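Read through the structure below, which is laid out as structure tokens, and then see the notes.
The values are calculated or read from the model by the stated rules, or taken from the named source; none is laboratory data. Keep in mind it's a predicted model, so treat the numbers as computed, not measured. All Cβ positions, glycine included, derive from the backbone under ideal geometry; neighbour counts span all protein chains shown.
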Amino acid sequence: MVQPKEKIDCPAIAAEALIKQLKTKFPNITVKVRPELLADEDIGVEIHAPKEIWRQVDEEAAMLSLQIELETGFFVLPFVYPQESK
């Protein structure tokens, strides 16, 4: 799903690609990139989704993460949490 024209050459850009694709499908999620790198090629992303859809978001994030890793070599580790009810 990463567009072939996109040049992914660092973990932050890989994280942005995952976030962009998730926000397109689930616009009501909130996302924060974790500041620390887990390794040279790895980065964490914290995702908060409404309770009704958080499992779907978690599955989609895992799938996108794997796809981005296979295509770019960078691993984006998604941490998906249900949002608290307001």
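Check whether at least one residue in the stretch 29-44 is basic (Lys, Arg), modelled with pLDDT under 95, in a loop (DSSP other than H, G, I, E, B) and out of contact with any Lys or Arg (no Cβ under 9 Å at 6 or more places or on another chain), and report yes or no.
No: zero hits.
For the stretch 67-81, the candidate set comprises residues that are at pLDDT 90 or above and of a type in the set (Val, Ile, Thr); within that set, the residue that is surrounded by the most Cβ atoms within 10 Å (Cβ to Cβ) is VAL76.
The residues in the stretch 45-58 that are part of a helix (DSSP H, G or I) and at pLDDT 95 or above can be counted, and the count is 4. Residues of the stretch 67-83 that are over 19 Å from CYS10 (Cα atoms) and either free of Cβ contacts under 8 Å to residues at least 24 places away in the same chain or outside any strand (DSSP E or B) (or both): GLN83 alone.
Quick one: is ALA61 touching a strand residue (DSSP E or B) at 6+ places or on another chain (Cβ under 6 Å), modelled with pLDDT of 85 or more and over 21 Å from GLN83 (Cα atoms)? If you could, list the steps in order and put the result at the bottom.
Values: touching a strand residue (DSSP E or B) at 6+ places or on another chain (Cβ under 6 Å): yes; modelled with pLDDT of 85 or more: yes; over 21 Å from GLN83 (Cα atoms): no.
Taking the combined requirement at face value, the residue does not satisfy it.
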